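I have placed the structure first, in the form of structure tokens, so that the comments after it can refer back to it.
The values are calculated or read from the model by the stated rules, or taken from the named source; none is laboratory data. None of these values were measured; they are calculated from a predicted model. In this analysis, Cβ positions are derived from the backbone assuming ideal geometry, glycine residues included, and neighbour counts consider all displayed protein chains. Just the protein is used for accessible areas: all its heavy atoms, side chains included, with ligands, DNA and RNA removed. Shrake-Rupley method; radii C 1.70, N 1.55, O 1.52, S 1.80 Å.
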Amino acid sequence: MDQIMSLPFGVALAALFAIVMIRVNVTYWLGRGAIAGFAHTRFGASLQRPRAAQAQALIQRWGPYAVVLSFLTIGLQTAVNLAAGAARMPLHRYLPAAVGGSIIWALLYATIGLAALEAWLAVAAASPAGAGLSVLAVIAVIVWVVVARRRRSAAKSADTVV
């Protein structure tokens, strides 16, 4: 990570873009290969069922949006790109979404992401307890937001039922 942070911004951005493009395309092709291998098993007929066709149509229609938005998440990117490959999303729909998402990811990571990582690593080096508390604080905020949204949603659904 230090090597990328020491590069000029444009070079770091290009390197991050290249890294993420390679990673997401490998993931896509692993999904595509896994489904191709699955098609040759005794369970392969399940890929031809109406539900599977509906799922593939849904992913082919809305999948590019999911691919782009997955780059704004942590941990979901790989699953979405693997699913896009497994659902055999056409390349003419997948590649523009992967390029757009990779540009967004590289920009975020090269600006905010690396600075935040560097700051957190400095805090962790100076005070491991402080770093742990900062992680707990972030988790607490996430939990608070999720609980508040669920309560609001439950209250809305209770109001519409009455």
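State the answer as a single residue: which of Ile74, Leu30, Pro128 lies farthest towards the positive end of the charge dipole of the chain, with beta carbon charges of +1 for Lys and Arg and -1 for Asp and Glu, about the Cα centre. Of the listed residues, the answer is Leu30. Scaled against 2.2 N^0.38 Å for its residue count N, the alpha carbon radius of gyration of the chain is 1.35.
Solvent exposure of the chain, expressed per residue, is 66 Å² of accessible area, with all protein chains present and a 1.4 angstrom probe. When each full DSSP H helix of the chain is screened for a Cα extent of at least 24 Å along its own axis and an average Kyte-Doolittle hydropathy of at least 0.5, the helices passing are 9-39, 91-108, 128-161. What the Cβ-Cβ distance of Ile4 and Ala79 gives, at R0 = 22 Å and to the nearest 0.05, is a FRET efficiency of 0.30. For the range 66-162, a simple Cβ point-charge model (Lys and Arg +1, Asp and Glu -1, everything else neutral) yields a dipole of about 420 debye relative to the Cα centre.
Rounded to the nearest 500, the helix-only mean residue ellipticity at 222 nm of the chain stands at -27500 deg cm²/dmol, with each DSSP H run of n ≥ 4 adding -39,500 (n - 2.57). For the chain, a crude dipole built from +1 on the beta carbon of Lys and Arg and -1 on the beta carbon of Asp and Glu, taken about the Cα centre, is about 920 debye to the nearest 20. I'd like to know which of Leu107, Pro96, His40 lies farthest towards the positive end of the charge dipole of the chain, counting +1 on Cβ of Lys and Arg and -1 on Cβ of Asp and Glu. Toward the positive end, the furthest listed residue is His40. Here the peptides 6-19, 134-147 are ranked by packing, the mean other Cβ count within 10 Å, and the order with the highest first is 6-19, 134-147. Relative contact order of the chain, taken over Cα pairs closer than 8 Å and 6 or more residues apart, is 27 percent.
Ranked by the mean number of other Cβ atoms within 10 Å per residue, highest first, peptides 25-31, 81-87, 97-103 order as 81-87, 97-103, 25-31. Full extension of the chain between Arg61 and Ala124 gives 18.3 nm of extra length, using 0.36 nm per residue less the Cα-Cα distance. Distance between the modelled labels on Ala36 and Ala14, one decimal in nanometres: 3.2 nm (7 Å Cα→Cβ projection).
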